[in-house]
1. Ignoring ligands, DNA and RNA, please state the percent of accessible area on the stretch 522-653 from carbon and sulfur, probe 1.4 Å.
2. Please list, in chain and number order, the residues 5+ apart from GLY663 or on another chain whose amide H is under 5 Å from its amide H, with Hs placed from the backbone.
3. Would you mind calculating the gained length between GLN509 and SER327 on full extension (0.36 nm times residue separation, minus the Cα-Cα distance), in nm to one decimal?
4. Could you give P(r) for the stretch 556-600, binned at 10 Å from zero, as whole percent values over all Cα-Cα pairs?
5. Filter the GluC sites (Glu not before Pro) in the stretch 419-460 down to the DSSP loop ones having no more than 13 other Cβ atoms within 10 Å, then list what survives.
6. For a 21 Å ceiling on Cα separation, which of these pairs sit above it: LYS330/LYS605; LYS566/LYS664; LYS333/LYS664; LYS543/LYS664?
7. In the stretch 384-504, what percent of the accessible surface is made up of carbon and sulfur (1.4 Å probe, ligands and nucleic acids excluded)?
8. Hey, what D do you get for the stretch 425-513 in µm²/s if you plug the Kirkwood alpha-carbon radius into Stokes-Einstein at 4 °C and 1.567 mPa s?
Amino acid sequence: MYRDHRNARMPRPLHRPAGVRAGLRCPPGPAPAPVPAQLLLLYPLPAPPADILAGRRPLLSREKMGSRSASEEKAGSRQRLQVKVNEYKENQNITCVSLRPVQTTVLGKTPKVYLVPFSLSNYKSDQFKHPKSLLNKNANNEFVCKKCKKTEIRKTCRRILTPKMEATSSKTESTLQKASLDVCTESNKRQHKSTSDTVIPSVDMESIQNLDSDEDTTLGLSAARLREMIKKRQPPESKRKMPKKRENGTGCRRSMRLLKVDPSGVSLPATPTQPTLIADENPLLPPGPLEMTPENRDDDNDLFKGFLQTWAEVSKTSIKNTEKELSSIKNYKANLNGMVINEDTVHKVTKGPILSVALHPSEIRTLVAAGAKSGQVGLWDLQLHISLLKQTHQSEEDGIYVFQPHSQPVSCLYFSPANPAHILSLSYDGTLRCGDFSRAIFEEVCRDERSSFSSFDFLGEDASTLVVGHWNGNISLVDRRTPGTSYEKLINSSLRKIRTVHVHPVHRQYFITAGLRDTHIYDARHLNPRGSQPLISLTEHTKSIASAYFSPLTGNRVVTTCADCKLRIFDSSCISSQIPLLTTIRHNTITGRWLTRFQAVWDPKQEDCVIVGSMAHPRRVEIFHETGKQVHSFFGGECLVSVCSINAMHPTRYILAGGNSSGKIHVFMN
């Protein structure tokens, strides 16, 4: 009798040849699709009958084949084929497929085995459940496993698996795969030699366990038991053994110097640890007046005493500037052509780049002052220097004296208009000092350690009041007549940064400031400490502004230097809500990182002409008219081989002094 198909555990075949569905014989079709490896695990899934897949009629048992003759087999081949096909179709009507592999018996001469490797480390012990025996009768009850095969399979499994169980965990997986392959190969050989055509293509682990349940080395080992056996056979983990300490043994030799032990064997006394102090690169100088002591000379030198006396006497006899009519451009050019430079008028005055230059207004002596980035102030008496150079026993340093009144760059330097014996210097360190040659001291005028100064100018003609610009955009008013060194008023301007401050020469209540992008004009009479709005704003600039100055005599013009390579001249003759732009001069102002920025200044003698350095080759200093035309260019040949970023012209004489970024002063004079 046939078994009920609902209780059958045989899986539905994955592929059915077209010839079998039609009940006709057809050529061999494509091979069945492979079963996923996750479903196979250790037990291979059964394959459809090879004869049906190949399109051939199935072979009957030897007993039935012996009862019929060859002629009858040919005559009834088609009826038997149809019967077997119908039986095979009935066996396929299974509503569900079990995920556990099922062992079936297949008719055929050549058995096929599907093996898939697996790893025991990827599965848990509860995943392997004991399925029902797969050695029961099939749906046709035609073939049964012989009892004679039990002993042979048991011996084969014992012979193969027993020595393999003694291996380590790393070899267990490959050993089991090889053992399964050996079992199948051995069974195939015995099937061909037996008198019966009944074969068992694969071995079920659970069925073998039922044959010999008393032995632990059979193929029916559960996953938990197999894992326990593998764990017992694993070698112990190798641990690093710590070396034993030698109590009485001799250790390695060590230097007594590294052990801080005296060679005699006595320990040296512990050196007291002192806290490391980080020295400030630019420490502030002490408040109060500083003595005028030259760094490059001895203060007891007679030449230095004579130098100070000369400056004091020259300042007493100096002539005040008076208004003069402007000379014609033709005469002005002729005087500029007579200005020359030579080796005697070029010398290194300060250490580091020069940020400010001032010329003494004396008409009988040529005295040049320079402020350096290092905080030094250098004084150069040109006539004394030239006269001493003519004497062979004198040094080239004679006539030059360098002082250190500040600790940070000196950005602004002026001789006092009321007393030329005083020179005022302003520094980034927040100090403003006045050098008095008659007393040989640097007196402190203003001090603010919380802020950094950028520029200053005189509000009064007597130089008693000053306006000071800060780098943070503030403006302070200083009165030298009051005691102390603090400012009188601090104003918050509308600028975030101030680079230069300049006062109108006629209407001294107005002053102009150069900021980042804008130039503002303020009225000193209407300054609010909480915040002051400018009278006029010049917004034509597109990049940062380096400087802005009124014309020296009338103040009717304003010149600005911008980083967009343009010099702009404005008409400030009428200070109202708007100042028109007159001229834009194209000029290369990109000095780079290591050179001092250009600052275009007016010639005090000819207020319609502007003096500015140049980046062109050969190196030069240029003068432009307010209309934009070039008036003159100063060439020095081998004496001028660097860029003079900061320039100053003598107020009454045709003398030009230019400073470069190495501390040298170049003087052009008649």
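The values are calculated or read from the model by the stated rules, or taken from the named source; none is laboratory data. Because the structure is predicted, anything quoted here is derived from the model rather than measured. Cβ atoms come from the backbone with ideal geometry, glycine included; neighbour counts cover every protein chain shown. Ligands, DNA and RNA are excluded from the accessible area calculation, which covers all protein heavy atoms including side chains. Shrake-Rupley method; radii C 1.70, N 1.55, O 1.52, S 1.80 Å.
1. Ligands and nucleic acids excluded, carbon and sulfur reach 51 percent.
2. Excluding prolines and chain starts, which carry no amide H, the hits are ILE354.
3. Computed gain between GLN509 and SER327 is 62.7 nm.
4. 28, 43, 22, 7
5. Within the stretch 419-460, the qualifying GluC sites (Glu not before Pro) (loop, at most 13 other Cβ atoms within 10 Å) are GLU449.
6. LYS566/LYS664; LYS333/LYS664; LYS543/LYS664
7. 46 percent
8. 98 µm²/s
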